[in-house]
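Down below is the structure, laid out as structure tokens.
The values are calculated or read from the model by the stated rules, or taken from the named source; none is laboratory data. Just so we're clear, the structure is a prediction, and the values are computed from it rather than from any experiment. What goes into the accessible areas is simple: the full protein's heavy atoms, side chains included, and nothing from ligands, DNA or RNA. Shrake-Rupley method; radii C 1.70, N 1.55, O 1.52, S 1.80 Å.
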Amino acid sequence: MQLSSKKLSIDIQIAKNLEENLPSITITPQELSRVVVNLFNNAYPAVATVNLTPGHIGRAIGAYMATKFSVTNTPFDRYLSGETTALTTIQKQGMVVFYDRARCQRCHSGSALTNDNFEGVGTPHIGFAPFADDLGREDNTGNAVDRYKFKTPGLRNVSLSLPLMHNGAFDSIEALVDHYNDIPTSLNNYQLPTTYQANYETTIIVDTNTARNQNRLDQVTDNRLRNGLGLTEVEKASLVEFLKNGLLDTSFQD
């Protein structure tokens, strides 16, 4: 189904917040195809089509995303539900590393595998000219304690979420695990993935400033990470497998 500009008028504008954008969306019965009208009538049987508002549209989209993109059928979830063979042997080993040696659950906890906090993890800074440092949470709070701290993401379907970190500094889960295993080395010797520069017309800059990188390291929330986890190659490989496939649910793509 395709909607022409006559069927759905959206005033594209730069606004400070969502509330300024929503009123720019206008829909009338004449502008909607019969299929869309029927869908909205089924979703909101008590609301006349002529009275539909951007709020109804937003709730419909939210409900669609919550159901269509639900990530709850990973091997990890099935294992926790009692299906002991849902995880492979190496994935089980990786799960043990996740909760024991690496203690990833310190930040990646709960059903969504995130504590919803802002954490410092020594992420290398990359950007474009003119160079501007990304202070993270401090840009919002104005508190230096929040410098270089970023929101902890959930890990479900992390293998479908590449590149990783708030700025896409890492292009693989393997690179991410290497970073957490030895943040000081990763931060001070970071190399931009070779494929990155080809996708941009301007040069990507890597921050190699010693003082700023030391500040990033000092702001790492978990003290253990400042000295490195010291995982073996076998432990890293099993952790990668757990993150990559043990937390994978592609059912929403069907």
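Give me the extension gain from Leu39 to Gln197: residue separation times 0.36 nm, minus the current Cα-Cα distance, reported in nm with one decimal. Please list the in-between numbers first.
Working: separation 158, 0.36 × 158 = 56.88 nm, distance 4.43 nm.
Working it through step by step, the gained length comes to 52.4 nm.
Under a 1.4 angstrom probe, counting protein chains only, how are Thr74, Thr195 ranked by accessible area, largest first?
Thr195, Thr74
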